[in-house]
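These notes are about the structure you will find just below.
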Amino acid sequence: MMKKQRQPMRSGTLTLLITCVLMLLAVLGLLSLTSAHADLKLADRQMVYAQRNAYAERLGQEWLADLDDYLRGGGDLPEDTTVDENIFAATIYLSENESLNVSAMLDEDGRLTLTGWQLLLDWVSSEDMTEALTEAEMIGAVDLEELGLVEGSGLGDDAASALDETEADTEA
């Protein structure tokens, strides 16, 4: 009887399939990493915006509280407030390029009604934004070091690149 000759195992198809699966996993991993990095940059920009917005909100609420104290007879008219009959208005400068215009009306019952609240932001370069954030940190509005946005005295790479991207998006 003749022995059957064993043929060597052919693994070409299996090798090709495994190689394709590994390449697909590598590409998906790279896409996931890129997406996570973009999400981080977006989160950094959103955090800076939210901090500035919260700072403006705080100053506006303080103006309203001071105005309420004035109307109750317990304090002075808030600084830079204009009065036109029963309408009180002020422009609160948050930084060189950002201001909050706020106005309130006093009705016949003595109640104060908010009639205007507008946050105005001029276009700023990333250098100006860095200065504004540093200024906000100095007056206690934000703590950039605690948030991980600074290393030493300047903005960290992530926040600076987020601000640069915002600048590039604005220009486009």
Within the range 92-117, the count of residues that are over 12 Å from Leu64 (Cβ atoms) and of a type in the set (Ser, Thr, Tyr) comes to 3
Among the residues of the range 2-24, is there at least one that is farther than 22 Å from Ala90 by Cα and in contact (Cβ under 8 Å) with a residue 60 or more places away in the chain? no
Taking the condition among the polar types (S, T, N, Q), under 30 Å from Glu98 (Cβ atoms) and either exposed (fewer than 10 other Cβ atoms within 10 Å of the Cβ) or modelled with pLDDT of 90 or more (or both), does Gln5 pass? no
Is at least one residue of the range 67-82 β-branched (Val, Ile, Thr) and either in contact with a Gly (Cβ under 7 Å, 6 or more places away or on another chain) or at pLDDT 80 or above (or both)? yes
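The values are calculated or read from the model by the stated rules, or taken from the named source; none is laboratory data. Being a predicted model, the structure only gives us computed values, none of them experimental. For neighbour counting, all protein chains shown are included, and Cβ atoms are generated from backbone atoms with ideal geometry for every residue, glycine included.
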